[in-house]
Ligand SMILES: [Zn+2]
């Protein structure tokens, strides 16, 4: 009797360990985990890392990292406001502390603010205590500016370990937001290249990465926004996008005759996971 119970308990622990392990990508490849556990609904915790989201409808989340910047971020806010688009700003804490007014304006205009660490280090290589300080200082600076705490973390370079994700989620309540569209705008390839890359890679449910600290990125945005809108995409905040997540339907046998509207082959999260690079 006791022995049998012991075996059963062991089996359950083993099962949970397998599930937990299979859901967590390593720090090297932050993008591997899909938004929803695929077909098998399991009694485990819901996912906390997102590269893209499966949604019905052509919704996307435009995200801008590393700001706010004194001149470029307000310019970007103007461009977004003129088109009624919403974005998410993953701010560096020390910039947020310098420009609380810009954060306030962003929130007033319907955008979201997320935590991108205090000084942009590689969190995956740091001690828990150092990571905690980076996140807490930024969390405090955001709260001081906008009166509420962020619920999203984007680790610099997409670098974070599975273990860190867990304790950070427990302690701060953050979802970890990576991306599935990366135009590498920080390399400053020229505005038209940034626009072309974003348009090529974006599909329904995409989380698009860009940086509001590079002038050419901001220059690229009017055309990028206009062409995304022309394709039917609507940008909302990351939290709004997460709230719209729908289960990934089981793969039907391909029926070539029935293409759906604009927001297509989005079901699978990024074919090629974003690899953390030396993004500034
Ligand atoms: Zn960054």
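The values are calculated or read from the model by the stated rules, or taken from the named source; none is laboratory data. This one's a predicted model, so the numbers in the text were calculated from it and none came from an experiment. A quick note on method: Cβ atoms are made from the backbone with ideal geometry, for glycine too, and the neighbour counts reach across all protein chains shown.
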State the number of residues belonging to region 84-121 that are in contact (Cβ under 8 Å) with a residue 60 or more places away in the chain and surrounded by fewer than 16 Cβ atoms within 10 Å (Cβ to Cβ).
-> 1
Lone qualifier among 214, 169 - being surrounded by fewer than 24 Cβ atoms within 10 Å (Cβ to Cβ), more than 16 Å from the ligand (Cβ to nearest atom) and at pLDDT 95 or above = 169
Would you mind finding the one in 187, 234 that is surrounded by fewer than 21 Cβ atoms within 10 Å (Cβ to Cβ) and either in contact (Cβ under 8 Å) with a residue 40 or more places away in the chain or closer than 21 Å to residue 51 by Cα (or both)?
-> 234
For residue 147, are the conditions met, namely being surrounded by fewer than 22 Cβ atoms within 10 Å (Cβ to Cβ), on the phi > 0 side of the Ramachandran plot and in contact (Cβ under 8 Å) with a residue 12 or more places away in the chain?
-> no
